[in-house]
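Each remark here refers to the structure printed beneath this line.
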């Protein structure tokens with residue numbers, strides 16, 4: 001059967017930078033280490049006055065289409081995943097199509113358009129939709145454009161404020177892909193949870209401790225389900241394991257739990273047992289509390305082993321390079337983790353074509369998904385063309401006063417009129433309001 005997966009990818013970050021150690025921490029009277037060491041974050045990307053989820057999505061998509069030599073006639077569907085939408089009826093994908101039609105002679109009138117919502121996992125769900133659409137024979141030799149785009153803002157002085165971020169990831173899904181092909185096997189872990197939600201409000205209500213517990217529980221269920229479907233989760237099988245990354249510190253906690261699960265019953269567990277003992281099994285304990293305490297002690301010891309640390313540094317740590325500099329992108333989070341790992345491989349000259357990645361997506365509310373991806377022979381040529389490193393380096397560095405102003409610009413309940421901090425250059429920009437309250441966009445040469 002023909003392989004289907006990501007044929008091309010493009011990343012667009014917000015043009016403004018909030019330095020957490022140098023700017024945010026002093027203004028909040030906080031120890032910079034709380035952010036750089038505790039959360040694993042150095043900076044946040046934020047949108048300038050003329051940027052939003054549509055402009056970032058459209059600009060990423062335009063760059064991707066130009067690089068791949070595509071026109072609207074080559075695209076059969078446009079799916080946007082976001083939890084920052086500003087309309088309860090009209091999908092962001094229609095705005096993106098309208099932007100792109102300003103720079104192409106053709107239109108997207110025969111492309112199916114939609115908007116996916118399930119917190120941060122909806123970008124992966126949109127990839128699944130595109131995969132199924134192509135496999136079902138409905139594509140008519142056309143590709144799918146899947147875009148994850150968000151402005152992840154929190155209310156001022158909210159504990160999550162330091163994890164903010166803004167950006168878009170555009171992915172072209174097609175047969176015989178250049179970057180990765182998707183496995184048929186998938187695993188899910190899903191439950192009705194209220195760890196993070198936005199009931200008719202822009203800024204989220206978050207139970208931080210509960211959210212982390214739910215994240216870990218659903219990931220474990222998804223791993224078990226993936227294995228039940230025939231997926232092999234031996235830790236040495238994967239070049240990278242990109243996780244949903246609300247902040248790198250959370251991934252560090254999840255990674256050791258995932259490693260503990262995946263080595264169970266393997267040669268690695270036997271090797272580790274010689275140093276820290278055998279992994280506890282529930283049947284060996286009469287008391288559940290005693291068992292859980294034993295598991296906790298074992299996990300702490302496991303995290304200090306050479307086996308785990310070498311695996312983590314090789315397989316997980318590279319996927320955090322971009323997140324550390326841009327913050328949480330909600331639906332784009334796991335997808336910039338994928339890109340970060342591949343960029344590290346490119347920079348280091350690693351030969352990984354034919355290797356697999358195990359992708360762990362998550363969305364509050366709550367659901368996790370695990371699937372595998374196989375790296376294709378042209379992955380390096382595609383990743384080499386990305387400019388995300390230059391985009392990060394060229395961001396405007398905000399003062400704290402400027403940050404407060406730009407936060408209000410993007411706060412739906414605030415009225416703030418300030419000058420942009422950057423100058424548009426060959427890109428789509430927000431250009432005011434239409435007669436029915438819709439947002440308007442223009443391409444600036």
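Bear in mind that the values in this text are calculations on the coordinates, not laboratory data. Keep in mind that what you see is a predicted model, and the values were worked out from it rather than measured. No Cβ is skipped: glycine too gets one built from the backbone with ideal geometry, and neighbour counts run over all protein chains shown.
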Determine the relative contact order of segment 296-415: mean sequence separation of Cα pairs under 8 Å and six or more apart, normalised by residue count, in whole percent. 16 percent
Highest-MSF residue in the chain out of 135, 12, 220 [GNM, Cα springs under 10 Å]: 135
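Would you compute, from DSSP H runs of 4+ residues alone, the mean residue ellipticity of the chain at 222 nm, taking -39500 (n - 2.57) per run and dividing by the full residue count, rounded to the nearest 500? Write down the numbers at each step before the final one.
Numbers: 13 runs with 154 residues, N = 445.
It comes out at -10500 deg cm²/dmol, rounded to the nearest 500.
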Mind pulling the angle between the C-alpha long axis of helix 248-263 and the longest principal axis of the chain? Nearest 10 degrees, somewhere in 0 to 90. 40 degrees
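Find the relative contact order for segment 182-271 and round it to a whole percent, using C-alpha pairs within less than 8 Å whose residues are 6+ positions apart. Could you put the intermediate results ahead of the total?
Working: 65 pairs, mean separation 26.3, N = 90.
Answer for segment 182-271 is 29 percent.
Just for segment 4-444, what percent of DSSP beta bridges are antiparallel, to the closest 5?
Values: 47 of 64 bridges.
Percent antiparallel among DSSP bridges in segment 4-444 is about 75.
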Helix 267-276 sits off the longest principal axis of the Cα atoms of the chain, rounded to the nearest 10 on a 0 to 90 degree scale, by 70 degrees
Within a Gaussian network of the chain (alpha carbon springs, distance under 10 Å), most fluctuating of 272, 251, 54: 272
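Applying a 10 Å radius around every beta-carbon, put 337-346, 175-184, 146-155, 207-216 in order of their mean neighbour count, most first. Display every interim value, and only then the final one.
Working: 337-346: 23.1, 175-184: 19.6, 146-155: 26.3, 207-216: 17.1.
In descending order of packing, they fall as 146-155, 337-346, 175-184, 207-216.
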Identify which of 363, 277, 76 has the largest mean-square fluctuation in a Gaussian network model of the chain, with springs joining Cα atoms closer than 10 Å. 277
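Counting only DSSP beta bridges with both residues in segment 121-242, tell me the antiparallel percent, nearest 5. Each step should come with its number before you reach the end.
Values: 11 of 11 bridges.
If I count the DSSP bridges inside segment 121-242, around 100 percent turn out antiparallel.
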Cα centroid distance between segment 88-114 and segment 403-445, in Å? 20 Å
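Based on the mean of other Cβ atoms within 10 Å per residue, sort peptides 380-392, 108-120 so the most packed one is first. Before the final figure, lay out each step's value.
Values: 380-392: 16.3, 108-120: 18.7.
Final packing ranking: 108-120, 380-392.
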How high is the relative contact order of the chain? Use alpha-carbon pairs under 8 Å, at least six apart in sequence, and give a whole percent. 25 percent
Would you compute the Debye intensity of the chain from its alpha-carbon atoms alone, equal scatterers and no solvent, and pass along log10 I(q)/I(0) at q = 0.07, 0.13 Å⁻¹ to two decimals? -0.34, -1.17
Helix 53-68 against the longest principal axis of the chain: what's the angle in degrees, Cα atoms only, rounded to the nearest 10? 90 degrees
Just report the Cα centroid separation between segment 145-190 and segment 221-288, whole Å. 24 Å
If you bin every alpha carbon distance in segment 247-316 into 5 Å steps from zero, what whole percent lands in each bin? 3, 16, 28, 25, 16, 8, 3, 0
